[in-house]
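Beneath this line is the structure, given in structure tokens, with notes to follow.
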Amino acid sequence: MGFETSKKLYKEAVKYLPGGVNSPVRAFKSVGGDPLFIERAQGSKMYDADDNEYIDFCASWGPLILGHNNPVIQGKVQETAEKGLTFGTCTEIETELARLVVENNEYIDKIRFVNSGTEAVMSAVRLARGYTGKNKIIKFKGCYHGHPDGLLSEAGSGLATFGIASSAGVPDSFAQETIVLPLNDKEAITEAFEKHKDDIAGVLIEPIPANNGLLIQDKEYLSFLRDITQTHNSLLIFDEVISGFRVGFDGAAGYYDIAPDIITYGKVIGGGMPVGAFAATDEIMAHLAPEGDVYQAGTLSGNPVAMAAGQAQLIECLKEGFYRQLESKTLDFLEPLKEEIKSKGYPVQVMSIGSIFWVALLTESTKSEHIQKASQIPDEGAERFKIFYRYLLENGVFIGPSHVEVGFVSTAHTDPDLEKGRKVILDALAAAYE
Ligand SMILES: *Cc1c(COP(=O)(O)O)cnc(C)c1O
């Protein structure tokens, strides 16, 4: 496999784009080497500029639940694009997609579309503050919510203290409105509510944390968050940018049957186009402009072509048995992988929920732990991962280039794809551990 053309394109890209990319995760910084330049994709496969073929488990970081270049989505997008790309005023398809989502999700009454997951979370946080009249947001180490200023913060020293900025360009005064706590730690939450009782606008969580490994939480813990927020008149915000329409049509809220106050969406909801959304009950959404006094807007929000892609994808997702089949396909893929790993004795765990999976490269001392917190993921895994990742790429399997990125199975993955994927993953583990 040659990567010469990708190398050349990357060299050109760095002249005009910072780091050669438009999103830092694409830069291969943690695995070494240059990023691939993709030329085209079809179904489960991507083809790079050197015409190498990859079975893709990254799925554009999650949106592509039907795989690449799905003909139904393509058809709908092209038909819509022919009528014009944007009008800056109302179109029927916005209502159609809103109706499709709301009528199939008992936790929300109204939805607003935006252009990315970041925008969705940023707006949801503003809405929570506007609705409650409070300022602070609790978030968790190991959850990612896009890059709104106040959410780029790390835990300060000690529990229930204010956050400190984790990016240059974020004033500490912004980061201090965020309280960063470890996942799966009830005491930390209780302490934070005691300390800041009248000023916590909301608790923001990825109910299925999937941006720093796959840190599946107990339902009981999520219920606890539901109760404690209710007790203190603060809101529970589920960031379902990954889990929404991925673990079920009604996302993690439906999966756990827990009603959050606000839910954010992104990724799958756009069918591969830039779409985000946030949704809540009528009562909460009434606080949003133009009805209410929480301002939020967007030139291209609800863009008809983007709505068309989302609608086409979600109609497929709503079909009877869609999620059941995708989950059982994922388990059929992973179960034999787990057994092989066990018999080889690698310090590796394979976690999954729905069609999301994570091959966790651990250590002897951590390999049997129930991993639910970011702090349980050993750094040593990152070193092994470099060898693992290089092997995957050179043998035609593409996943996100970091040891804490999850993978996604789509309806486009065939049995032979999954068989090959499994074999290459096992060989890559052998390369990393033997
Ligand atoms: C991807 C992601 C975001 C950010 O979405 P963008 O579209 O990249 O801005 C926010 N929250 C979660 C949980 C995500 O996975």
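The values are calculated or read from the model by the stated rules, or taken from the named source; none is laboratory data. As the structure is a prediction and not an experimental result, all values here were calculated from the model. Positions of Cβ are generated from backbone atoms using ideal geometry, with glycine treated the same way; all protein chains shown enter the neighbour counts. The area values use the complete protein model at the heavy-atom level, side chains included, leaving out ligands, DNA and RNA. Shrake-Rupley method; radii C 1.70, N 1.55, O 1.52, S 1.80 Å.
Evaluated over the range 1-146, the count of Lys pairs having alpha-carbon atoms less than 26 Å apart is 15 (only pairs 8 or more residues apart or interchain). Distance between the C-alpha centres of the range 17-58 and the range 129-147: 32 Å, rounded to the whole angstrom.
Distance from the C-alpha centroid of the range 374-434 to that of the range 1-15: 23 Å, rounded to the whole angstrom.
Peptide packing for 172-181, 81-90 was compared via the average number of neighbouring C-beta atoms within 10 Å per residue; ordered from the highest value, the list is 172-181, 81-90. Net charge dipole, the chain: roughly 660 debye, given to the nearest 20, about the Cα centre with Cβ charges of +1 for Lys and Arg and -1 for Asp and Glu. Summed over the residues of the range 304-389 and divided among them, the accessible surface reaches 44 Å² per residue at a probe radius of 1.4 Å. Other residues whose C-beta falls under 13 angstrom from the C-beta of VAL170 contribute a net charge of -4, scoring Lys and Arg +1 and Asp and Glu -1. Ignoring ligands, DNA and RNA, please state the percent of accessible area on the chain from carbon and sulfur, probe 1.4 Å. In the chain, the share of accessible area belonging to carbon and sulfur is 50 percent. Positive end of the charge dipole of the chain (Lys, Arg +1 and Asp, Glu -1 on Cβ, about the Cα centre): tell me which of VAL180, THR5, GLN42 has its Cα farthest that way. After comparing all options, I get THR5. Charge tally around PHE238: other residues with Cβ under 12 Å, Lys/Arg +1 each, Asp/Glu -1 each, net -4.
Shape call for the chain from the C-alpha gyration tensor, a ≥ b ≥ c root eigenvalues: rounded (a/c under 1.5), prolate (a/b greater than b/c) or oblate? Taking the square roots of the gyration eigenvalues as a ≥ b ≥ c, the chain is oblate. Rounded to whole numbers, the Karplus 3J(HN,Hα) couplings from phi for the range 387-401 are 5, 4, 5, 4, 4, 4, 4, 6, 10, x, 10, 10, 10, x, x Hz, using 6.51 cos²θ - 1.76 cosθ + 1.60 with θ = phi - 60°, and x at Gly and Pro.
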